[in-house]
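All remarks here apply to the structure that follows.
The values are calculated or read from the model by the stated rules, or taken from the named source; none is laboratory data. The model shown is predicted, which means the values in this text are computed figures rather than measured ones. Using ideal geometry, Cβ is built from the backbone for each residue, glycine included, and neighbour counts are taken over all protein chains shown. Heavy atoms of the whole protein, side chains included, go into the accessibility calculation; ligands, DNA and RNA do not. Shrake-Rupley method; radii C 1.70, N 1.55, O 1.52, S 1.80 Å.
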Amino acid sequence: MRRVVLANETDWDGWRKATRSLVLAGVPPEAVRWAVRSHDEDGDPLREEQGSFGVSKALVSLASLAIQAREPSRFELLYRLVWRANAGERVLELDEDEDVRRARGLAFAVRAEAHRMRTQVRYLSIEGADPHFLGWYEPAHFVLEANAQLIAQRFSHLAFSIMTPEGGAHWDGSELRFSPGVARDVVRDDAGLRSWWGKHRTGLLRHARVGTAIAPAEELDEEPRPPDLPPLGPVVLPLKPDDPLQAAMHEASDCRRCHLWQPATQTVFGEGPAHAKVIFIGEQPGDQEDVIGRPFVGPAGQIMDRAMEEAGLDRRTVYITNAVKHFKFEPRGKRRIHKTPETPEIRACRFWLDVELVRLQPKLAVAMGGTAARAMLGRAVTITRERGRPIELADGQTAFVTVHPSFLLRLPDEEAKAREYRAFVADLRKILELIA
Ligand code: URA
């Protein structure tokens, strides 16, 4: 029996190297015991085996996710799959195979937890000479390292730490480090977390190790690459924990003002800095936004990001939300088909839009598309007639109507698409001038 001791629960590199060496040495799965180091124990020495073997990119990608699951048998399960694949079995085509089903189930759970972590960590703002955002999270799986890396890539200019019971991740603007974690009963609430951080910050950061986070490799012999997670759009500046919008966001997560909460995954609240001069209002979250929990991160968000960049607007400086905060859809087979929200749903959700408008007091409220324009102007709006100019409203707000980015995606002909895209960018440039 060969004993492999991995350095920690997410020692992807260790698992990868051991797997390579054991497969090449012909050690079958039933002759390997996998463990995570608890004291100073070592496993059996692994020899540098010569040779190579083929494992598909898809299997490596699956393993790199499933290894993050809080499931003790995952190392042997994944080794067995690699062993079988190397023996010529096309394992990923065996949908009913018990090993494949279990690995896919673990990967799915990890992905879901990764989404949750990336959208649900709320940060305390630690002011002072060295400003820092500090979050605490209790992950269901070992998703901290891979996701801290992703958040760091997007947050790049901000220093932050995310503490969990098993470990902490720390980004100082240039380097990601990992430290031991902190138990929940030590940091019971925000005040507890703040005071614990004040006492332990220096020591914790001094001893934190520079991170090599989990990352799937194309082949097991190759260098690790960034994690295989979907793009998310830029991370926006977190709100201060005592901001009224934070409380509203929390309350809205349980909204029952209309029936749309039932089939939807979650409420998708607005995001952006509380000092934003402009608020962009879409219709409702789409399929991806519903899963990820953030507005405009799917295809419409991507075209909007591109147009904003072209117009010179930095998405991180604007507030982005929707007229309706739940995804309305019709299930069709495995797909969820978008359905336009109706007036009672728009009216019910205006409550949350009002909370956002009152808190932000933006110079301009940009309604993108018919639903948002109806929500802002309180009547049906012909976009072509109202588009592209400031509209003073009875309540003192200034609205600006433009097309919805998905309209650009739906246009069938390339010429019309290019023309309408240019017109959208021109509207964004006007917006920039109006808020200057
Ligand atoms: N469309 C919207 O109106 N809002 C989103 O958040 C995404 C797509």
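Assorted remarks:
- Rounded to the nearest 10 Å², the accessible area of F296 at probe 1.4 Å: 10
- Once the mean of 1/r is taken over each pair of separate Cα atoms and inverted, the chain shows a Kirkwood hydrodynamic radius of 24.1 Å.
- P(r) tail fraction, the stretch 357-423 - alpha-carbon pairs more than 20 Å apart, %: 33
- Largest accessible area first, the residues E145, E138 order themselves as E138, E145 under a 1.4 Å probe with ligands, DNA and RNA left out.
- Prolate/oblate/rounded label for the stretch 255-377 (Cα gyration tensor, a/c 1.5): oblate
- Given charges at Cβ of Lys, Arg, Asp, Glu: the stretch 243-435 dipole, positive-most of L434, W261, V381: V381
- The chain: angle of helix 12-24 to the longest principal axis, Cα-based, in degrees nearest 10: 40
- Between L409, L65, L245, the Gaussian network model of the chain with springs among Cα atoms under 10 angstrom shows the greatest mean-square fluctuation at L409.
- Summing Cβ point charges (Lys, Arg +1; Asp, Glu -1) relative to the Cα centre of the chain gives a dipole of roughly 1140 debye.
- Rolling a 1.4 Å probe over the protein chains gives S56 an accessible area of about 60 Å².
- Highest-first arrangement of 369-375, 202-208, where packing means the average Cβ count within 10 Å: 369-375, 202-208
- The stretch 243-435 - accessible surface per residue (Å², probe 1.4 Å): 47
- Electrostatic dipole magnitude of the stretch 323-436 [Cβ: Lys, Arg +1; Asp, Glu -1; Cα centre; debye, to 20]: 380
- Principal-axis tilt of helix 414-435 within the chain, Cα atoms, nearest 10 degrees: 70
- Shape class of the stretch 300-348 from the alpha-carbon gyration tensor: oblate, with a/c at 1.5 or above and b/c at least as large as a/b.
- K339, K57, reordered so the largest accessible area comes first (probe 1.4 Å): K57, K339
- Think of the stretch 121-210 as having a plus end and a minus end, set by charges on the Cβ of Lys, Arg, Asp and Glu; of L124, H170, G135, H170 sits farthest toward the positive end of this dipole.
- On Cα atoms only, tilt of 74-86 relative to the major axis of the chain in degrees: 80
- The stretch 241-310 and the stretch 162-214: distance between their alpha carbon centers, rounded to Å: 29
- Shape call, the stretch 2-103: gyration tensor on alpha carbons, a/c limit 1.5: oblate
- Solvent-accessible area, 1.4 Å probe, carbon plus sulfur percent, for the stretch 121-210: 51
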